Amino acid sequence: MRSVLLKQSHEELWLREGYLLAMQFAEGWVCFRILGWEPSNVKPYRLAASLAAGAQLAAWDEIKDSETRRYTEPPDERFIHHYFFGINHPAARVYFQYPSRQDRRSLVAVERAVGGDVGYVDGDMSPYDGPFSLKSEFFTASKLYPAFQVYNPLADTIHNVLLNLDVMRYTYQLLKDSALVQRILLGEVRRRMYTVGGVDPSPVSAPSWLQEAAGKELMAWTQKLMETGG
Amino acid sequence: MARREGLKAAYATVTTAGVNIGSEVPTDFRRYVYSIKTANLYAGANSLQVRRNATTIDRIEHATRYEMWKEPEDPKEDSLPVYVLTAGEQLSGITDNGDCWVRVLYVDAP
């Protein structure tokens, strides 16, 4: 029988009213105060009804509804979305692009390949009914969304290749006071830090609306602040 | 074993013409059959073929009338399923000589 490692529930990681969130983009950091939250979910999201041995999806999946609206992209700039996901079948390997078309989670100098043994989350790591892996966590904002690919490493067809996406929608206040931003980034107040997409080749570029709203100069300043430590 | 709230039972009197046992497995689900019980109603030997769509996946042989057969003998909370069907598939049965009563316990889950 399988053994299950006890993990911290992802539900402990949702943000609540008043929590501080700092998100790192390619242009610098943006700080938010969470004002409100509303839970949602997508269960199941079918990546494939069946997937033949050694096969992958014909195209990357941006997790859309029947009218091609993306479940992972907030429909309004007022919202930030926070996700964790579980995977069915246990052996199905899910690969990640963030933003769409930017491969993530490589390990060596060349980009990880779909079907390879590097840079995926499978249903054993992040089971469909939980506990979800921290590797499945991501945040999104308007005009910013990931894409998913899945591969069957087995010698048999697998059925019901599904995602269980647990979602929290937040409203927020952008924080632009440089003294407060400095305290947040240097860890003088309790906050949640998140690098959007990862570090290779660089974090995701912030959508232009967010750069305008947060202030490009402030974002550039946060990068220097983090490099120098204040 | 899956959560007991999700357990369902399906019953059928299987004939020589063939009979469905329960519903078709819904989209995005698998059917985990945890128990099967049979009782031979025919006055003599009777072979029951358990089928997944048109494919025979098990044979249960009865030698005499009212002979009963059950698998597993004693289902446990963590028992493995006896049969697994995928979305769109249908459990059915057919006999070679006469009627056979069948009951299955199952759970539909992803």
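Taken one residue at a time, the phi angles of region B:105-110 give Karplus couplings (6.51, -1.76, 1.60, θ = phi - 60°) of 10, 8, 10, 9, 8, x Hz. Gly and Pro are set to x.
Roughly what angle does helix A:216-228 make with the longest principal axis of chain A, taking Cα atoms, 0 to 90 degrees, to the nearest 10? That helix lies at roughly 80 degrees to the long axis.
Counting only the backbone N, which residues of region A:31-75 are under 19 Å from the spot 7 Å out from the Cα of A:E17 toward its beta-carbon? From region A:31-75, the list is A:32-40.
Working from Cα pairs under 8 Å separated by at least six residues, relative contact order for region B:4-109 is 49 percent.
The charge dipole of region B:4-109, taken about the Cα centre with unit charges on the Cβ atoms of Lys, Arg (+1) and Asp, Glu (-1), comes to about 140 debye, rounded to the nearest 20. A simple rule links phi to the HN-Hα coupling: the Karplus curve 6.51 cos²θ - 1.76 cosθ + 1.60 with θ = phi - 60°, which for region A:69-85 gives 7, 7, 5, 9, 10, x, x, 8, 5, 6, 10, 10, 10, 10, 10, 9, 9 Hz, with x for Gly and Pro.
In summary, the lysines within cross-link reach of A:K143, defined as a Cα separation below 30 angstrom excluding same-chain residues under 8 places away, comprise A:K43, A:K64, A:K135, A:K176, A:K216, A:K224.
Dividing the mean sequence gap of close Cα pairs (under 8 Å, 6+ apart) by how many residues region B:19-65 holds gives a relative contact order of 31 percent.
Of the residues A:P146, A:N160, A:Y128, the one whose Cα sits farthest toward the positive end of the charge dipole of region A:106-225, with +1 on the Cβ of Lys and Arg and -1 on the Cβ of Asp and Glu, is A:P146.
In terms of surrounding Cβ atoms within a 10 Å radius of their Cβ, B:R30, A:R192 rank from fewest to most as A:R192, B:R30.
Exposure proxy for A:D166, B:D96, A:D117: other Cβ atoms within 10 Å of each Cβ, ordered fewest to most, give A:D117, B:D96, A:D166.
Counting only C-alpha contacts under 8 Å and six or more residues apart, can you give the relative contact order of chain A as a whole percent? Walk me through the intermediate numbers first.
Values: 503 pairs, mean separation 78.2, N = 230.
Relative contact order for chain A comes out at 34 percent.
Residue exposure proxy: A:L13, B:L48, ordered by other Cβ atoms within 10 angstrom of their Cβ from fewest to most, comes out as A:L13, B:L48.
Taking amide H as placed 1.01 Å from N in the peptide plane, A:S205 has its amide H under 5 Å from the amide H of A:A26, each at least 5 places away in sequence or on another chain. Near A:W37, the amide H atoms lying under 5 Å from its own belong to A:T171; only residues 5 or more places off or on other chains count, and H is placed 1.01 Å from N. The calculated P(r) of region B:6-110, using every Cα pair and 5 Å bins from 0, goes 3, 14, 25, 25, 18, 11, 4, 1, 0 in percent.
When +1 charges are put on Lys and Arg Cβ atoms and -1 charges on Asp and Glu Cβ atoms, the dipole computed for the protein assembly as shown relative to its Cα centre reaches about 400 debye.
Around the Cα centre of region A:45-90, unit charges on the Cβ atoms of Lys, Arg, Asp and Glu (plus for the first two, minus for the last two) sum to a dipole of about 160 debye.
The lysines whose alpha-carbon is closer than 25 Å to the alpha-carbon of B:K76, local same-chain residues fewer than 8 away aside, are B:K8, B:K37.
FYI, it's all coordinate maths here, none of it is from the lab. This one's a predicted model, so the numbers in the text were calculated from it and none came from an experiment. A quick note on method: Cβ atoms are made from the backbone with ideal geometry, for glycine too, and the neighbour counts reach across all protein chains shown.
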